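Each value in this text was obtained by applying a stated rule to the coordinates, not by laboratory testing. It should be emphasised that the depicted structure is a prediction, and the values quoted were computed from it without experimental measurement. As a convention, Cβ positions derive from the backbone with ideal geometry for all residues, glycine included, and neighbour counts pool all protein chains shown.
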Amino acid sequence: MTTLSIDVKVSFGSFGLEVAHQLAAEGITVLFGPNGSGKSTLLRTIAGLERGARGRIHYGETVWQDDGDHLFVPAHKRGVGYVFQDARLFPHLTVAGNLAYAEKRSGGRPNGLELETVVKTLELQSLMARRVTGLSGGERQRVAIARTLMTRPRLLLMDEPLSALDVRRKAEILPYIEQLPGLFDVPIIYVTHALDEVARLADRMVVLSLGRKVAEGSVNDVLERIDLGPATGRFEAGVVLNVRVAGHDREYQLTRLDHHGQTITVPYADVPEGGMVRVRIRARDVALAIEKPEGLSIRNILKGTVSDIVEEPATAYAETLVDIGNARLRARITRKSAFDLGLSRGKPVFVLIKSVSFDRRMVG
Ligand code: ADP
Ligand code: MG
């Protein structure tokens, strides 16, 4: 397996990016962080598009940049593909024309990236003769992804490719992106500031804040870190859990999920019994109680223990981490509630989950 090794600095006036990181070029690595944290700058630096970047970048055995040796491999010789937020297609060409152009420009790396397979995977068959100007935003992004794949990249960089799309279009494209590393043996570095995309796509994540790496690791581990504060989102903050589909209740259209012996019930999900799925539970959808509540419409009540509380200064809130055995949930409650309930580390609590979202179907 190839390792991408980065040790770079970029400065723009008062903003400075300084990141040293090694990542496995495999599956999907999400580069996450708020607007202005330096995600695009880092991606451009990796691609060789940031000429002011200083430092070293190695991709496996290949040196892409090493200032010590005055070495800088230009972008077009690094063999990386780049997908931007806006599709940037050639407006005067058809879809087929755009793809053919990319293929001609490709290094011809023989890695199974055949036009026919790419077209089929992104379901572009019926669009091939169309001019790109008439396509919807979602269709344009599918073409942009296909076009970049046809350049036969060894590494695919995607910079907020879905941020210009509405929720429905986004949901349509996510499954295509999810499949790419497996189908085409191409690792992806995916930039986003949307946690739903992280939960859905990421095999691992790196968090940037103010030009610095502040966290890295598995999605499960990073998202439960309440010490990161706004860097992992405020209103969208939450955790992901890997759960097993334990069974379905057809009469009430419910699906039961098992998480190490605890059951979470969700609206019916079309996943076979025994299948593993990733679910996301947002901190604002979790409430806490010190006694088992009765007579509630909320069905998902788990037992847990408070493992950490971080008060957010100058806000009403306290981010609370609750251990449910084999995992932790985040709860965003008010500081006043934390005080009234006498919450502190080690205190047993009941966790009420108001809503759960399915973000990813998993194998195995
Ligand atoms: P992100 O992608 O996380 O939103 P960027 O990497 O685009 O962040 O930007 C990080 C910071 O660098 C911002 O403050 C931005 O204004 C600044 N910046 C980015 N590119 C340039 C540039 N070419 N010239 C000057 N400042 C830039
Ligand atoms: Mg950006």
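Using alpha-carbon pairs under 8 Å, 6+ residues apart, how would you state the relative contact order of the range 238-362 in percent? Can you show the working numbers first?
Numbers: 288 pairs, mean separation 38.0, N = 125.
Here the relative contact order equals 30 percent.
Highest first, please rank the peptides 240-246, 316-322 by the mean number of other Cβ atoms sitting within 10 Å of their residues.
Working: 240-246: 19.9, 316-322: 21.4.
Ranking, from highest mean packing down: 316-322, 240-246.
For the range 3-229, give the magnitude of the charge dipole about the Cα centre (Cβ charges: +1 Lys/Arg, -1 Asp/Glu; no others), in debye to the nearest 20.
That gives the range 3-229 a dipole magnitude of about 800 debye.
Using the basic label-point model (7 angstrom from Cα toward the beta carbon), what is the Glu236 to Asn220 distance in nanometres?
With each label placed 7 Å out from Cα toward Cβ, I get 2.3 nm.
For the range 251-298, what is the charge dipole size about the Cα centre, in debye to the nearest 20, if Lys and Arg each add +1 at the Cβ and Asp and Glu each add -1 at the Cβ?
It works out to roughly 300 debye.
Check the straight Cα-Cα distances from Lys9 and name the lysines below 25 Å, setting aside those fewer than 8 residues away within the same chain.
Answer for Lys9, where 25 Å is the Cα cut-off: Lys39, Lys77, Lys213, listed by chain and number.
Taking K and R as +1 and D and E as -1, what net charge do the other residues with C-beta under 14 Å from the C-beta of Gly52 add up to?
Details: positive: Lys9, Arg44, Arg51, Arg54; negative: Glu18, Glu50, Asp67.
After counting each charged neighbour, the total is +1.
Just to confirm the number: angle between the C-alpha axis of helix 167-184 and the first principal axis of the chain, 0 to 90 degrees, nearest 10?
Roughly 60 degrees, rounded to the nearest 10.
Treating the angle as unsigned and between 0 and 90°, give the value, to the nearest 10°, between the Cα long axis of helix 95-105 and the longest Cα principal axis of the chain.
70 degrees
Taking R0 as 45 Å, what's the FRET efficiency between Phe339 and Ala164 from their Cβ-Cβ distance, rounded to 0.05?
E between Phe339 and Ala164, to the nearest 0.05, is 0.55.
List the lysines whose alpha-carbon lies under 26 Å from that of Lys120, not counting same-chain residues fewer than 8 positions away?
Partners found: Lys104, Lys170.
Roughly what angle does helix 137-150 make with the longest principal axis of the chain, taking Cα atoms, 0 to 90 degrees, to the nearest 10?
60 degrees
Net charge within 14 Å of Arg335 by Cβ-Cβ distance, Lys/Arg positive one each and Asp/Glu negative one each, not counting Arg335 itself? Please report the intermediate quantities before stating the final value.
Numbers: positive: Arg332, Lys336; negative: Glu311, Glu312, Glu319, Asp340.
Within the 14 Å Cβ shell, the charges total -2.
Please give the net charge around Ala316, taking every other residue with its beta carbon less than 11 angstrom from that of Ala316, where Lys and Arg add +1 and Asp and Glu add -1. Kindly include the intermediate steps, with their values, before the conclusion.
Working: positive: Arg332, Arg335, Lys336; negative: Glu311, Glu312.
After counting each charged neighbour, the total is +1.
What number, rounded to the nearest 500 deg cm²/dmol, is the helix-based mean residue ellipticity at 222 nm of the chain, given -39500 (n - 2.57) per DSSP H run of at least four residues and division by all its residues?
Taking each H run of at least 4 residues, the total per residue is -6000 deg cm²/dmol.
Reachable lysines from Lys354, Cα under 16 Å, same-chain residues fewer than 8 places away excluded?
Lys292, Lys303
Between Ala25 and residues 5 or more places away or on another chain, which pairs have amide H atoms under 5 Å apart, with H built 1.01 Å from N, and which residues are they?
Hits under the 5 Å cutoff: Thr2, Thr3, Leu4.
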